[in-house]
1. May I have the pair-distance distribution P(r) for region 23-71, computed from all Cα-Cα distances with 5 Å bins from 0 and rounded to whole percent?
2. Take every Cα pair under 8 Å in the chain that's 6+ residues apart, average their separations, divide by the length, and report that relative contact order as a whole percent.
3. How charged is the neighbourhood of residue 28? Take every other residue with its Cβ under 14 Å from the Cβ of residue 28, and add Lys/Arg as +1 and Asp/Glu as -1.
4. Can you show me the helix-derived [θ] at 222 nm for the chain, built from DSSP H runs with n ≥ 4 at -39,500 (n - 2.57) apiece and divided by the number of residues, rounded to the nearest 500.
5. If the convex hull of the alpha-carbon atoms of the chain is projected onto planes in all directions, what is the mean projected area in square nanometres?
6. Kindly state, to the nearest 0.05, the FRET efficiency for residue 58 paired with residue 32, given R0 = 25 Å and r defined as their beta-carbon distance.
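Values quoted throughout were computed directly from the atomic coordinates according to the rules given, and no laboratory measurement underlies them. Owing to the predicted nature of the structure, the values given are computational and were not obtained by experimental measurement. As a convention, Cβ positions derive from the backbone with ideal geometry for all residues, glycine included, and neighbour counts pool all protein chains shown.
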Amino acid sequence: MKKDLNGHLRQLVDELVDRGLTLGQARREFEKQFILAALRQNEGNLSCSARSLGIHRNTLRNKVGDLGISVSEVGKKQRVRARRVSR
């Protein structure tokens with residue numbers, strides 16, 4: 001698993017370098033995507049997401065604000081409306 005993950009990560013990093021991203025830009029985007037994944041997994045719950053990320057809830061709240069993440073959008077579950085069948 002670790003070898004496979006390193007291979008995927010190496011490919012991604014190579015692509016980002018080829019596109020001319022700076023280390024700061026890449027770090028910011030990685031952090032944003034990592035936080036978004038945790039928020040999606042925890043249905044937008046900051047406390048649970050912070051726990052899974054290994055950081056304090058206030059730290060996560062600050063990072064969410066700094067990165068421009070909308071927790072209310074991440075936490076929304078897609079509602080599937082049943083269609084009425086006309087008879």
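1. 5, 25, 35, 25, 9, 3
2. Here the relative contact order equals 25 percent.
3. Values: positive: 27, 32, 63; negative: 29, 31, 66.
It works out to a net charge of 0.
4. On the way: 5 runs with 60 residues, N = 87.
Calculated mean residue ellipticity at 222 nm is -21500 deg cm²/dmol.
5. Taking the Cα atoms of the chain, their convex hull projects to 9.4 nm² on average.
6. The formula returns an efficiency of 0.85 here.
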